[in-house]
Each structure stands twice: as C-alpha cells, then as structure tokens.
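Okay, structure first, notes after.
What follows is calculated from the coordinates using simple rules that are stated; it is not laboratory data. Quick caveat: nothing in here was measured; it's all calculated off a predicted structure. Here Cβ is always computed from backbone atoms with ideal geometry, including for glycine, and neighbour counts include all displayed protein chains.
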Amino acid sequence: PVFSTAENNDSLITIQNTDIRDAKALKIRFLDSTFGNELMSINLYLSKRDSWVAALSEVEGQTIISTPDNSCTIPATGGNIPLSLAGLIGSIEVFEMGVIEDEDLNSQISAFDCSSLEDSWESGPWSTNPGFGMSQPTGGLRGTLSIVNVERGTLYSMDASALIDFSDVVQHSPWGSTLPDLSSAHDAGTQNGATKSRVCIDGVCIDDEWERPIDAVSAALIAHKLTADFIIDESINAKTEWVISYPTRKFYGPGDTLFETSVSLLVTDREGGSRAQPCIPPYLDFKCETSYLLSHSQSIEVLDFNHLVSEIGMPKTSPILGFEHTVLFPNDEPLFEAGNARVGFETERLPTLTSKSGRQYFGAPSIGVSLQQFTNGTLKDALGNYVKASYGNAFSLTIQGGG
C-alpha cells in the first residue's frame, strides 16, 4: 500500500503472521514515489500468530520509522529507535522469504532473542547458508496500513494487495539485499523459462506461462481500465484524490511496450449524461492528435479532483496525501460536484503483454485507491470529519487469444 507523512500525515503499519504453527522470515521494503527505488529494507521475524506494528512520521523533512514492538528486526527497530527515510510519500512491499523450521531459531524468535538472530547472520549458520533451517513460504500473512491526520481528525485504512503463491522456494536474504523483489516470483517452471500466472475475474480463471517471472507478476496485476467515484461538493467541504500505483514499472525500460500506453481520463456525472474528457498529458482523450507515452519515472500518480479551472498547469499539493503534482484538468469548465472517473490504458489495439501461448493482455499493471474526505458540521472545538478509502477500485480486464 501507499504511505504518506506529508502535510501532518502519519502512517500506521500492521503486519500479522496468522500461521498457528510456524515462525516466518519477512522482507519489508520501503519504496519512493518517483522511481519505485528502495529507500530502506528491514528483515522481520514473526513467531506464530505474532504481529508487528510501526508508525511512519515526518521529522525535519524526513520520514521516521518508530515502533514499540518487541518482534525481531534487522536492523533493530525495537525500543522506538527511529530509522530515517528520504521520502514523505511512497509505497511498502512485504515478501515472505520462508518458514522457520529449526527449533533453536524458532525459540529465539518466540522469545524475542534478537541478538541471537543477529549472531546467526554474523557468524552463525545464516552467514554461510541463508536458507538454513527454513522451508518454502506458505502464505498466511495479513497487512494493513492506516493514514492518520490528527489535526484534521481523519483516518484512512487500507488493506494490502496480495499475490498468492508468489514463490515456492526459500528466498531468505540479508538485510540490505535488493532481493527478493517483484521480479523474484518462482514456481516449478521458472528454471525452464515458464513461470505461471493466474488471473481470475467473475469466477473465471486464466492460466498462462511467461519467460520472465516479472511478466507473470505484471499479468496478475494488469488492468485495462480503473474506475472510481469522486465527490467535491463544497457544501460539505468534500475532497477526493485518486492514487494509482504501478508496482512493476521500474522493471521495464525503453523497448518494452507495457507502459508505452496513452492514458484516457473520462469523468462522468452521476446521471451519466455530461462528460469531461481532458486532453492534457498524461491523461488523454482518444481525440487528442498527439499521443503521450507514460513516463517510466513515476511509480505513483495522484489524480487530485479538488482544483479550479484557473489552476490548470499550476503546481499544487493534494489536500489529503500531500502529493506534489501539476494540475492537469478540468479543461475550460469546472468539474461536476460528484460523479465517476475512469482511467483507460489504451494501446491502439496493440497488446502490452503476450504470453508463451500467444494470449494477449491489454492495459497496465496498476492498483488504485480513491480517498474521500467530508466535513459535516462542527463539533465543539473541532470539525466533524468523515473519510472513505475505496481500495482496489473497480477494474476491467481485456485478454485475447491464446491456447
């Protein structure tokens, strides 16, 4: 999920191991909002049914991670020790690296004997064999992130998007290692260039094989269109912003067609009659004469619906997340007070991914979350704020052909 410590936001993280028997080794990776590059990573070791909680806050222009939790991390974060991040807005990825089966290691994790775990890396069995005493991941993780703003009295709670059966091998690595990442997907066919993906919608599932593991992950996340509601009714001081993240974008460069897509934005009122179709990059209407290729340098984009016609082309900070961006719409008339927005990833009928069987996938790997804030009256010495987070926005999928 996306985190923010800008504009007095704090982000609260909860990660739980729901396994009733085994401890797990996890990699937590914090990524920036521009390139999706790593800001910092942490190895986290959770015993059965254990949870880890942490808070991200802004201090002197940096994001500080602090936690009162006793669960073992490398580097150590227990005792409310802050660790600095360079970015105020970004995303978080969590990977299960494996299940801890060795009895001694399990006992150390359950007893929060973190110094012994550090010794295992420095001079113990993990120093020469990171997979010692471990077996393949089994799933059973649960994660949530809440963005809290005490000054505004708001809280947005978001669940993590999960990839099922991401890996069937142990991928335990030292703290600071760049692996595992989303390109590390692994199954029985990976060694032979045939990593499998499964995409399910409306009860129908499609299996495909891919030469590159990252393409299997992108296929699982791909969407042709994303749809969300918005409301900016001034009578209730309503605000809406739509966050779209592209988790696999950084793995594709020039020559890859996956993110070389024109992006259309269709805004419709609640009656469906009136429409506003901006024609300003990077959100293009089909009638635009000049196509625009999505930048490879943005892993998170924010559509802020809370602006005026006079602000077109002006730099602005979004009111909820505090994301700095350039106002791109509306064109020459105000937006509706409420309605529906649809982003379409258009490729001029050319597929963005083609599986080994020849099945064609259209769109872009993306995850959307829309955030809404309302102010309904005034409480004593405070505003009566209400918020809504719609995570995993409605999407449509276009897949053709294949055997």
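Overview of results
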item	result
Segment Val53-Thr18, extension gain: residue separation times 0.36 nm, minus the distance between their alpha carbons	11.2 nm
Only Lys, Arg (+1) and Asp, Glu (-1) charged, at Cβ; region 8-146 dipole about Cα centre in debye	380
Sparse-neighbourhood loop sites, chymotrypsin sites (Phe, Trp or Tyr not before Pro) in region 1-99 - DSSP loop, at most 13 other Cβ within 10 angstrom	Phe35
Amide hydrogen neighbours beyond the local backbone of Phe132, cut-off 5 Å, H modeled	none
Cβ crowding within 10 Å averaged over residues, with 67-74, 305-312 ranked highest first	67-74, 305-312
Extension gain from Glu122 to Ile312, taking 0.36 nm per residue of separation minus the Cα-Cα distance	62.9 nm
Longest to shortest principal axis, alpha-carbon extents of region 156-223, angstrom	43, 40, 17
Förster radius 25 Å - calculated FRET efficiency between Asp202 and Asp269 (Cβ-Cβ, nearest 0.05)	0.35
Projected-area mean, region 1-154, by convex hull of Cα positions, square nanometres	9.4
Centroid-to-centroid separation of region 77-150 and region 1-42 [C-alpha atoms, Å]	12
Stokes-Einstein diffusion coefficient of region 99-236, Kirkwood radius over Cα pairs, 25 °C, 0.890 mPa s, in µm²/s	130
